[in-house]
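Trainee: Take a look at this one; I'll ask things after.
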Amino acid sequence: MNEGQIFLEYQGRYFLVYSASGCWSEWYCLGILGYTGGENGNVTDMGNWVKYPVPFFQRTPAGWIDGVGHCSFFRSPDGSEVWMAYHGMLDGVISENNRYLFCQSIGFDELNFPILGVPNRGVNQAVPSGQ
């Protein structure tokens, strides 16, 4: 099951990030499509998109946060950082009533591909730049 897609643009690269697997399971995760059609390509042509074959963002082996999904992206107040908000379930309790909101900054590699890291339960981080 693939659902809840969100668009992400960074430095001229375009991505669709979506939730995958069953939202009722610990395996709920994020997948990603990358646009490869170039500046004048047709974004509606599926031939111009690559679907990456492995989960893009998923639960950690330690089970800190399970069932991560339905993300959104936003910029810091000064525009210098990209952040992600998503929901996940805690402590191995897989239930619709055990969903919590998480936020963390993300990075990009040398080709401007997003690097989301891992779900960050309990990790202290700075507030968004410009706040």
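Trainee: Which numbered condition trips up Val127, out of (1) surrounded by 13 or more Cβ atoms within 10 Å (Cβ to Cβ); (2) more than 21 Å from Ser19 (Cβ to Cβ)?
Mentor: (1)
Trainee: Would you call Asp91 surrounded by 14 or more Cβ atoms within 10 Å (Cβ to Cβ) and at pLDDT below 90? Spell out how you get there, then give the answer.
Mentor: Details: surrounded by 14 or more Cβ atoms within 10 Å (Cβ to Cβ): no; at pLDDT below 90: yes.
No: the conditions fail for Asp91.
Trainee: Can you work out which of the residues in the stretch 33-52 that are without any contact (Cβ under 8 Å) to a residue 24 or more places away in the chain and closer than 16 Å to Leu116 by Cα is surrounded by the fewest Cβ atoms within 10 Å (Cβ to Cβ)?
Mentor: Top of the filtered list is Tyr52.
Trainee: As an exercise: evaluate Ser95 against (1) closer than 30 Å to Thr36 by Cβ; (2) free of Cβ contacts under 8 Å to residues at least 24 places away in the same chain; (3) of a type outside the set (A, V, I, L, M) and give the number of the one condition it does not meet.
Mentor: Unmet for Ser95, out of (1) closer than 30 Å to Thr36 by Cβ; (2) free of Cβ contacts under 8 Å to residues at least 24 places away in the same chain; (3) of a type outside the set (A, V, I, L, M): (1).
Trainee: Which condition from (1) over 25 Å from Gly130 (Cβ atoms); (2) surrounded by 14 or more Cβ atoms within 10 Å (Cβ to Cβ) is the one that Tyr86 breaks?
Mentor: (1)
Trainee: All but one of (1) modelled with pLDDT under 85; (2) exposed (fewer than 15 other Cβ atoms within 10 Å of the Cβ) hold for Asn120; state the number of the condition that does not hold.
Mentor: The single condition Asn120 does not satisfy is (2).
Trainee: Does the stretch 1-32 hold any residues that are farther than 16 Å from Ile106 by Cα, surrounded by 19 or more Cβ atoms within 10 Å (Cβ to Cβ) and aliphatic (A, V, I, L, M), and which are they?
Mentor: Ala20, the sole residue that qualifies.
Trainee: Could we say that Ile115 is surrounded by fewer than 12 Cβ atoms within 10 Å (Cβ to Cβ) and either under 13 Å from the mean Cα position of the chain (by Cα) or over 22 Å from Gly130 (Cα atoms) (or both) here?
Mentor: Numbers: surrounded by fewer than 12 Cβ atoms within 10 Å (Cβ to Cβ): yes; either under 13 Å from the mean Cα position of the chain (by Cα) or over 22 Å from Gly130 (Cα atoms) (or both): yes.
Considered against the rule, which asks whether it is surrounded by fewer than 12 Cβ atoms within 10 Å (Cβ to Cβ) and either under 13 Å from the mean Cα position of the chain (by Cα) or over 22 Å from Gly130 (Cα atoms) (or both), Ile115 comes out as yes.
Trainee: Now for a different question. Would you check which residues across the stretch 79-101 are assigned to a strand (DSSP E or B) and among the charged types (D, E, K, R) and list them? Write out each step before concluding.
Mentor: Taking the stretch 79-101 first, the residues assigned to a strand (DSSP E or B) are 82-90, 99-101.
If the condition is that a residue be assigned to a strand (DSSP E or B) and among the charged types (D, E, K, R), then Arg99 is the only one that fits.
Trainee: Write out, first by first residue and then by second, each pair whose Cβ atoms fall under 8 Å of each other, whose residues are 6+ apart or on separate chains, and whose first residue, in the stretch 101-119, is closer than 22 Å to Ile65 by Cβ while the second is at pLDDT below 90 and not in a loop (DSSP other than H, G, I, E, B).
Mentor: From the stretch 101-119, the pairs are Phe102/Ile65; Pro119/Ile65.
Trainee: Need a quick list: strands (runs of 3 or more DSSP E) entirely within the stretch 1-78 having at least 3 residues that are of a type outside the set (Val, Ile, Thr) and within 17 Å of the chain's Cα centre (by Cα).
Mentor: On the way: elements: 2-10, 13-20, 29-35, 49-51, 65-75.
Output list reads 2-10, 13-20, 29-35, 65-75.
The values are calculated or read from the model by the stated rules, or taken from the named source; none is laboratory data. A quick note: this is a predicted structure, and the numbers were derived from the prediction, not measured. Positions of Cβ are generated from backbone atoms using ideal geometry, with glycine treated the same way; all protein chains shown enter the neighbour counts.
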